[in-house]
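Report on the structure given below.
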Amino acid sequence: MRTNKTLIALAAAATLTLSACGGESDEPAAEDGTTQNMPAEEETAEDMPAEEETAEEEMTEDDSMATSQEMAAPTGDLVGPGCAGYAEQVPDGAGSVEGMAQDPVAVAASNNPLLTTLTAAVSGDLNPDVDLVDTLNGDEFTVFAPVDDAFAAVDEETLATLGEDADLLSTVLTYHVVPGQLSPDEVVGSLTTVQGDTVEVTGEGDELMVNDANVICGGVQTENATVYLIDAVLMPQM
């Protein structure tokens with residue numbers, strides 16, 4: 001009987017020891033016996049998209065500014081007292097300052113409502129034997145372009161003669177064209193025209209003149225030319 005009591009006592013002691021070992025926690029305990037939690041992360045993953053979105057907004061603003069500057073480029077060198085009136089009359093579309101910059105000069109002029117008579121003269125509508133469209137579109141030029149009111153000031157007899165005399169019309173038209181694209185800062189002086197004679201550009205800023213014609217609005221860019229709208233038709237010495 002003594003032996004059995006001894007075995008029972010040893011078994012009970014072993015059971016108590018195993019229970020105590022299994023009840024220990026893996027987490028460190030605080031001094032007051034409670035379990036300490038790990039500190040939360042200071043920055044969550046949700047914060048990152050907000051930073052990326054801010055950077056994207058800044059890039060979008062920069063792109064918008066660049067696009068605005070590119071669109072404004074064709075108007076940067078305009079001179080002449082009539083530029084504001086031109087912009088008001090033709091604010092957008094193919095005949096506007098920005099629109100003309102997209103096409104070669106003969107096409108650009110045909111889209112401009114201020115240049116309908118000149119367009120007719122260079123395209124064969126005034127005289128079927130004179131068609132300078134391909135010539136004007138095929139190289140770089142500076143074009144002094146009389147507006148419709150300038151042609152309206154020419155007497156009817158002269159206009160009728162131009163409509164019948166192809167050589168005379170070609171002479172007059174090519175007298176308005178100078179090889180190369182000349183900006184308002186470069187255009188002043190004596191210039192040799194495609195016709196062979198010279199024109200004299202004088203003045204500066206908004207007071208440029210070509211012979212006796214006033215520049216209404218100059219420095220208008222096309223795909224291959226720089227255009228100066230003028231208020232009179234230039235006549236070479238015959």
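FYI, it's all coordinate maths here, none of it is from the lab. Treat the numbers as computed from the prediction; the structure is a model and nothing was measured. Note that each Cβ is placed from the backbone with ideal geometry, even for glycine, and that neighbours are counted across all protein chains shown.
With K and R counted +1 and D and E -1, the other residues having a Cβ less than 13 Å from that of G124 yield a net charge of -4. Label zone (D148, point 7 Å along Cα-to-C-beta; backbone nitrogen cut-off 16 Å) within region 109-131: 109-122, 126. Computed from the C-beta positions of Q237 and D77, the FRET efficiency with R₀ = 30 Å rounds to 0.45. Under 5 Å between amide hydrogens, built in the peptide plane, is the criterion, and for I230 it picks out A145, V147, I216 among residues at least 5 positions away or on other chains.
A protection proxy built from the mean count of other Cβ atoms within 10 Å ranks the segments 216-227, 152-163, 194-205, 118-129, most packed first, as 216-227, 118-129, 194-205, 152-163.
What FRET efficiency would be calculated for the residue pair T192, E88, taking the C-beta separation as r and a Förster radius of 45 Å, to the nearest 0.05?
Working from the Cβ atoms, E equals 0.80.
In summary, the convex hull built on the alpha carbon positions of region 132-238 has an orientation-averaged projected area of 6.5 nm². The value of relative contact order for region 75-181, using C-alpha pairs under 8 Å at least six residues apart, is 22 percent.
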